[in-house]
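Novice: This is the structure I want to talk about, given as structure tokens.
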């Protein structure tokens, strides 16, 4: 398949098209909420220029630069240790929270919703193609706080986490799929490495975005039908990741108790909403001077599937923006991790709106430049020689789209991440339930409980609100 699709430019039509389509390799994962989370990311790599109608270096032999990829595969096969799940989560969360803060600062009026897992998977595939010890390689790994010696262990650990997440669990479905769409100038060794490390499916780069969008729609079960609108003639590869999450609440909200409430949005004033409500003496809860935090597990029939939603609500008088701003600093993630460790079973009356939040399609290029210093990744020459012999190949765009829906039954989603600054919280069980009324902008996270890794994170400020049935 790889040689047919990657070795000869003309075989975009001949051998490649004669190959039967390969279904995406989706990992089933456990844990979902009565929400649907959906996210997808597409990275486009292009050449700065074309020479004589052909890519510069397109017909050169790949042998000269095959060694870096081969060396990676030998090290991987030799059984180098995978990074611990908690360390993988720390790297992914640190990256995701910084990006979330940067996106919020850029001022999207409706809120921000991303998937740190999805973006990390796609950028991981890009990193495989970066020139060893090159500036882009250092920039990409630096986004996760890693150096070159830690890369293999991180990628193995990330693979392990996504595999575990996709394991079948009651009441939860997690799908994670990767694909690479390559022109003839992309090395077969790179495609093989992407398949080995990320279970990526290799396909020929089409002239129109339709095949990529169809793949994305299928991988997200129709929630994200389109991720790119066109393919520039200078594009040499598209690296795509899609994450889909659907989970039932382990303890569902009673629809008969939902009532017509009001949500105080950040820019549209007071808006009517369907306010779900649930009172529970064993709800995991924490609070401090500025915020209330509650964790809602996903599962079915009272079964905890190991994935949960976390709602962080600033108290009256505390601006959400001040909490979000701190996410870009190391102490922000540490504060969030600290308060999550303080969650304890408490008597809580929770009021949470039914909502839907859609973010993107957004090109993350500006935020990746400003937040993580990725200049040579986008502008450099000779930075992706492990992917192609053409020194002009560079990362041109990083498109991301994410969607989440939350109701009484659970959650659907694809792509997201969020965080906040918190101090340690003292938990007290009160005879009367603590009231947590989510009627103003808040943070919404979906995480793997065992490692703390954020599958999705979002800032909910002006969501689409459902008032049906109330």
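Novice: For the stretch 175-319, give me the percentage of DSSP beta bridges that are antiparallel, rounded to the nearest 5 percent. Present the calculation step by step, with values, prior to reporting the outcome.
Specialist: Numbers: 28 of 32 bridges.
Bridges in the stretch 175-319 that DSSP calls antiparallel: roughly 90 percent.
Novice: Taking other Cβ within 10 Å of each residue's Cβ, how do 408, 345, 150 sort, fewest first?
Specialist: On the way: 408 20, 345 13, 150 16.
Starting with the residue having the fewest Cβ neighbours, the order is 345, 150, 408.
Novice: Cut-off is 10 Å between beta-carbons; in what order do 466, 390 appear when sorted fewest neighbours first? Walk me through the numbers before you get to the answer.
Specialist: On the way: 466 18, 390 25.
Arranged by neighbour count, lowest to highest, 466, 390 become 466, 390.
Novice: Put a dot 7 Å past each Cα toward the Cβ at residue 230 and residue 321; how far apart are the dots in nm?
Specialist: Spacing of the two 7 Å Cα→Cβ label points: 3.6 nm.
Novice: Taking R0 as 41 Å, what FRET efficiency do you get between residue 268 and residue 138 from their Cβ-Cβ distance, rounded to the nearest 0.05? Write out the running numbers ahead of the final one.
Specialist: Working: r = 43 Å, r/R0 = 1.05.
Computed FRET efficiency for residue 268 and residue 138: 0.45.
Novice: With a point put 7 Å past each Cα toward its Cβ, work out how far residue 349 is from residue 256 in nm, to one decimal.
Specialist: 1.9
Novice: Which order do 359, 190, 384 fall in if you start with the one that has the fewest other Cβ atoms within 10 Å?
Specialist: In order of increasing Cβ crowding within 10 Å: 359, 190, 384.
Novice: Give me the distance in nm between label points sitting 7 Å out from Cα along the Cα-to-Cβ direction at residue 148 and residue 84, one decimal.
Specialist: 2.7
Read the figures in this text as sums done on the coordinates, not as results from a lab. All of these numbers come straight from a predicted model, not from anything done at the bench. All Cβ positions, glycine included, derive from the backbone under ideal geometry; neighbour counts span all protein chains shown.
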